[in-house]
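Worksheet: the structure to be examined is printed underneath.
The values are calculated or read from the model by the stated rules, or taken from the named source; none is laboratory data. Note that the coordinates shown come from a computational prediction; the quantities given were computed from them, not determined experimentally. Here the Cβ is made from the backbone with ideal geometry for all residues, glycine too, and neighbour counts use every protein chain on show. Ligands, DNA and RNA are excluded from the accessible area calculation, which covers all protein heavy atoms including side chains. Shrake-Rupley method; radii C 1.70, N 1.55, O 1.52, S 1.80 Å.
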Amino acid sequence: MSDKVVLAYSGGLDTSVAIKWLQEKYQVDVIALTIDVGNERDFTAIRDKALKVGALKALVVDAKELYINYFVFPALQADAMYEGQYPLATALSRPLMAKLLVDTAQEEGASAVAHGCTGKGNDQVRFEVSINALAPKLKIIAPAREWGMTREETIEYAGQHDIPLPITSASPYSIDESLWGKSIECGILEDPWIEPPEDVYTWTRSPGEAPDKAEYVEIGFERGIPITLNGQKMGGVGLIRQLNELAGMHGIGRIDHMENRLVGIKSREIYEAPAAVALLQAHQALEAMTLARDQLRFKQKVAAEYADLIYNGLWFTPQHRDLAAYVRSSQRFVTGTIRLKLFKGNCTVVGRQSPFSLYSHGLATYDKGDQFDQSAAPGFIHIWGLPVITQAQVQLLGETEDPLSITSPEEGGQKTK
Ligand code: ARG
């Protein structure tokens with residue numbers, strides 16, 4: 001009986017070739033594992049293809065709920081956006097896939113797992129660091145990194161081994177999809193000066209072609225998790241799916257990112273993430289109403305750390321646990337409803353309410369019913385400004401004739417004679 005390898009199988013060219021290649025190179029039986037994170041493909045056809053190419057077994061796992069509840073929603077609660085732009089759809093799916101690969105290898109008695117990543121991307125790092133954390137003894141094989149074939153050679157290899165080419169081989173792009181977003185790379189997109197051609201986008205309408213009438217949508221959150229859409233209670237998967245449709249129709253969620261990869265290269269990445277963009281915006285608006293100033297400021301720092309950690313493949317770390325505990329705790333009062341206006345590529349927050357709102361109309365209003373004690377303001381200003389007055393007298397006014405010169409580029413704030 002030969003050794004078994006569990007291969008993360010997408011049904012695409014590389015992972016299909018990998019089935020044959022693993023058999024030839026390593027004399028192993030291949031178990032194909034296809035993980036559904038909401039990429040809307042024909043999983044029966046993918047399964048059949050794996051078997052046809054020669055897999056011993058082909059498994060398909062519906063991991064949509066796991067993906068949303070254990071990966072996407074915690075990232076939403078954290079407001080995680082890599083470099084302020086990328087909602088991390090792919091990055092969030094890889095640790096989950098690593099976990100399922102490890103579980104399957106254990107169940108099937110396999111001695112190794114394999115993935116189809118090349119040696120230039122982030123995904124290889126995410127897979128392997130996660131797999132090593134969960135099962136340090138498991139061997140990892142990365143065929144596409146080892147075989148050294150160009151794309152042409154891979155196609156030729158497929159031809160020689162009777163491996164059907166993907167029907168969509170016409171697409172010049174490399175695409176990865178999950179419920180949280182779609183990434184598009186390669187081809188003409190590698191020229192950062194070129195505007196992405198319209199055929200890159202399949203989840204979003206061009207803002208110019210979007211409906212002329214604005215649409216409003218209300219999102220209800222409980223402890224930072226979206227649970228209703230327009231007042232209707234929904235599970236995470238259904239809610240995100242519907243919001244992808246809705247916001248995508250209005251041209252929302254197109255992202256063009258000059259991204260810093262973990263492996264040290266800059267890469268031009270196009271994303272479509274209508275639901276992610278809308279939900280992140282809504283969530284932040286609700287936090288703005290329910291968290292204190294200091295909580296908000298600190299949480300923004302955590303958000304940046306959290307996003308980096310996800311991007312860099314460090315999901316299964318104590319550092320992540322610690323940050324996640326903070327994030328979860330921060331969401332205790334992030335409950336309420338946000339109203340968004342979707343219109344020609346723009347998603348705007350136009351209404352918010354929460355039982356835990358820190359907004360006090362009585363304190364904020366300029367109308368009747370003002371409860372703010374304006375007579376207390378001079379005392380506040382006096383004490384707040386005390387160190388400023390002291391420093392201005394002793395240092396600032398002695399240093400410059402003209403206080404405006406502090407920001408003058410020529411004088412650099414120095415007194416000129
Ligand atoms: N640049 C993104 C990331 O690193 C997208 C990667 C897409 N992955 C892929 N195998 N096509 O998360």
Residues of the stretch 134-149 satisfying the condition of being farther than 12 Å from Cys117 by Cα and touching a helix residue (DSSP H, G or I) at 6+ places or on another chain (Cβ under 9 Å): Leu134, Ala135, Leu138, Met149
Cβ pairs under 6 Å, 6+ apart, first in the stretch 361-373 and free of Cβ contacts under 8 Å to residues at least 60 places away in the same chain, second assigned to a helix (DSSP H, G or I) and surrounded by 10 or more Cβ atoms within 10 Å (Cβ to Cβ): Gln371/Leu363; Phe372/Leu363
Positions within the stretch 292-330 being more than 16 Å from the ligand (Cβ to nearest atom) and not in a helix (DSSP H, G or I), in sequence order: Ala292, Phe316, Thr317
Looking at (1) surrounded by 18 or more Cβ atoms within 10 Å (Cβ to Cβ); (2) within 11 Å of the chain's Cα centre (by Cα), can you tell me which one Ile131 breaks? (2)
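Are any residues in the stretch 22-49 in a helix (DSSP H, G or I), under 30 Å from Gly236 (Cα atoms) and in contact (Cβ under 8 Å) with a residue 40 or more places away in the chain, and if so, which ones?
Filtering the stretch 22-49 for residues in a helix (DSSP H, G or I) gives 22-26, 43-49.
Then drop every residue that is not under 30 Å from Gly236 (Cα atoms), which leaves 43-48.
None - no residue of the stretch 22-49 is in a helix (DSSP H, G or I), under 30 Å from Gly236 (Cα atoms) and in contact (Cβ under 8 Å) with a residue 40 or more places away in the chain, so the list stays empty.
Can you tell me which residue is farthest from the ligand (Cβ to nearest atom) among those in the stretch 188-224 that are among the β-branched types (Val, Ile, Thr) and more than 20 Å from His250 (Cβ to Cβ)? Even if it seems obvious, please write down each step before you answer.
In the first step, residues of the stretch 188-224 are kept if they are among the β-branched types (Val, Ile, Thr); the result is 188, 194, 200, 202, 204, 217, 219.
Of the ones still in play, those that are also more than 20 Å from His250 (Cβ to Cβ) are 188, 194.
Numbers: Ile188: 16, Ile194: 18 Å.
Ranking the qualifying residues of the stretch 188-224, first place goes to Ile194.
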Does the stretch 348-358 include one or more residues that are under 23 Å from Leu279 (Cα atoms), of a type in the set (Val, Ile, Thr), open to solvent by less than 90 Å² (accessible area, probe 1.4 Å) and part of a loop (DSSP other than H, G, I, E, B)? no
Taking the stretch 362-399 only, how many residues are open to solvent by 80 Å² or more (accessible area, probe 1.4 Å), touching a helix residue (DSSP H, G or I) at 6+ places or on another chain (Cβ under 8 Å) and part of a helix (DSSP H, G or I)? 1
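Could you look through the stretch 210-229, keep only residues that are in a loop (DSSP other than H, G, I, E, B) and over 22 Å from Phe343 (Cα atoms), and pick out the one that is least open to solvent (accessible area, probe 1.4 Å)?
Applying the filter and picking the extreme gives Gly224.
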Here are some residues: Pro136, Pro95, Pro87, Pro74. Which one is within 24 Å of the chain's Cα centre (by Cα) and away from the ligand (no atom under 14 Å from the Cβ)? Pro74
Residue tally, condition under 25 Å from the mean Cα position of the chain (by Cα), open to solvent by less than 10 Å² (accessible area, probe 1.4 Å) and over 25 Å from Phe73 (Cα atoms), over the stretch 16-44: 0
Tell me yes or no: at least one residue of the stretch 225-237 is closer than 19 Å to Glu177 by Cβ and within 16 Å of the ligand (Cβ to nearest atom). no
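Can you pull out every residue in the stretch 139-175 that is within 13 Å of the ligand (Cβ to nearest atom), modelled with pLDDT under 95 and open to solvent by less than 60 Å² (accessible area, probe 1.4 Å)?
Restricting attention to the stretch 139-175, the residues satisfying the condition of being within 13 Å of the ligand (Cβ to nearest atom) are 142, 144-145, 171, 173-175.
Now narrow it down to the ones that are modelled with pLDDT under 95: 171, 173-175.
Scanning the stretch 139-175 gives Ser171, Tyr173, Ser174.
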Restricting attention to the stretch 177-187, the residues that are open to solvent by 40 Å² or more (accessible area, probe 1.4 Å) and near the ligand (Cβ under 7 Å from one of its atoms) number exactly 1
Residues in the stretch 257-293 that are in contact with a strand residue (DSSP E or B) (Cβ under 7 Å, 6 or more places away or on another chain), aliphatic (A, V, I, L, M) and open to solvent by less than 10 Å² (accessible area, probe 1.4 Å) total 7
Would you check which residues across the stretch 98-128 are open to solvent by 20 Å² or more (accessible area, probe 1.4 Å), near the ligand (Cβ under 10 Å from one of its atoms) and of a type in the set (D, E, K, R) and list them? Asp123
